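Shown next, in C-alpha cells, is the structure this report addresses.
The numbers here are math on the coordinates, done by the rules we state, and not lab data. On a predicted model such as this, the values are computed, not experimentally measured, just so you know. Cβ: placed from backbone, ideal geometry, glycine included. Neighbour counts: every protein chain shown.
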C-alpha cells in the first residue's frame, strides 16, 4: 500500500492522463497556443479546439454546443446564473426559491441578492435530504422568477428528483437552475428530459483541470442573462475574457471520457461502496447518514457515536477524507447540510465524508476499513462518553 490514500474525490479529482496530454498540446509553441479570438490561423486552430470541447461537454448533458458558456468553475457558473437571471428578470419579480442544503456558491449569492432587495425562500429537506416538489409548489409566488436546486448534494450524495421539481417550476412559468457539479459524469444528465434551463458544471470534479467550468444556458426558448464580467464580447457577450484553450480542451476531453465510462465507473464505485459498508457493519455506534437508495455511490457520509470527526481525521491523517464540503473546511462549524436534515450536533460532530472514484482500488478499501476500525476503537477506548455510556 501507498503511504497515503485518497478518498476525497468529491472535493476534487486527479486529472486523467489522457486529459493532461490533451492540455499539454495547447501550451507549447508546437501546439494550439494562439488566442482563440484572434483572426489568424493560430487563433482559428485554438477556436476549433474550443468548439470541439463544447461539443464534448454538451454531449454528456444532451445539450447543444452553443448552449455552453465557459466559466472559471461551477462557483462562477452559479454566480452568473443566479445574479444574471435576477438582474435581467427583476422587472417580472424579485423572488427566488432554493434549498438550505445548496452549495455555498448558491447560498452566498442568494444572501447577496437579499441585500439588493430580492426575497429568497429557503426550503428544508426531509431527513433523507430530499426536497419535496410540493414544497416548491407551496413556495411559489406571482413574483417568483427562479428556482435553484442542486442535482446531487456534495456532502451526503443524495439525488434530487429534478424532473418532478421542474414540472412544478414550468407550471408556474419560472426558470429552473441546477448545480450539477457533483452529478455530471457520475449519473445520466439530460437537460431536456429533466427540464433544466440553466446548469452549472465543473471540470475538476470529472477528472479534468481546476479553474474551468461551464454554464449551460438554454437557447430554445432563449434565456437572457446580465453578464457579470465586462471587458469583451466573447461567448455571446455573456462572459468576457480570453478563453483558456488548454483548460477548456482538458474539460472537454474529461467529459468525453466520462461519457464513455459512465456505466463502468458507476458499477465499479458501487461495488467498492458495498464492500466498504460490509466491512464496517460491525462497528458499534456507526450511523449511516447517506440514503443509499437515493444517492450516488461515490459519496458516503457516516457518523460515529461519541467520536469527534476532527480527532478521527487526525488519526487517519495519511488518508484523505473530509468532515464536509472542502469549501467550508476552514470554518470549523457544524455542517449546515447535516443540520438541515435534522441530525443532532453530537451526530454531526462525529460525521465524515468518504468519496470514492475511478482510481480507488479494492486493496485501498481493505486498508482503509482496517485503519478506520483501529482508529475508532482507539478513540473509543479513551472516550469518557463512550466508556460511561453517556451517548
Between helix 362-381 and the chain: long-axis angle, C-alpha atoms, 0 to 90°, nearest 10: 50
Relative contact order (percent, whole number), the chain, Cα cutoff 8 Å, 6+ residue spacing: 23
Range of Cα positions in region 95-198 per principal axis (Å), largest first: 37, 27, 25
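Listing 236, 204, 40, 177 from the residue with the fewest other Cβ atoms within 10 Å to the one with the most, what is the order?
Values: 236 12, 204 23, 40 9, 177 29.
So the ranking, lowest neighbour count to highest, is 40, 236, 204, 177.
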Beta bridge orientation in the chain: antiparallel %, DSSP, nearest 5: 55
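For region 1-47, what class follows from the C-alpha gyration tensor (a ≥ b ≥ c being the square roots of its eigenvalues): rounded when a/c is under 1.5, otherwise prolate if a/b is larger than b/c, else oblate?
Working: a/c = 5.42, a/b = 2.94, b/c = 1.84.
Cα axes put region 1-47 in the prolate bin.
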Mean shadow area of region 153-198, taken as a quarter of the surface of its Cα convex hull (nm²): 3.2
Pair-distance profile P(r), taking every C-alpha pair of region 64-243, with 10 angstrom steps and integer %: 10, 41, 38, 10, 0
Among 84, 232, 342: highest mean-square fluctuation, GNM of the chain, C-alpha pairs under 10 Å: 232
Convex hull projection area averaged over all views, the chain, Cα basis, nm²: 20.1
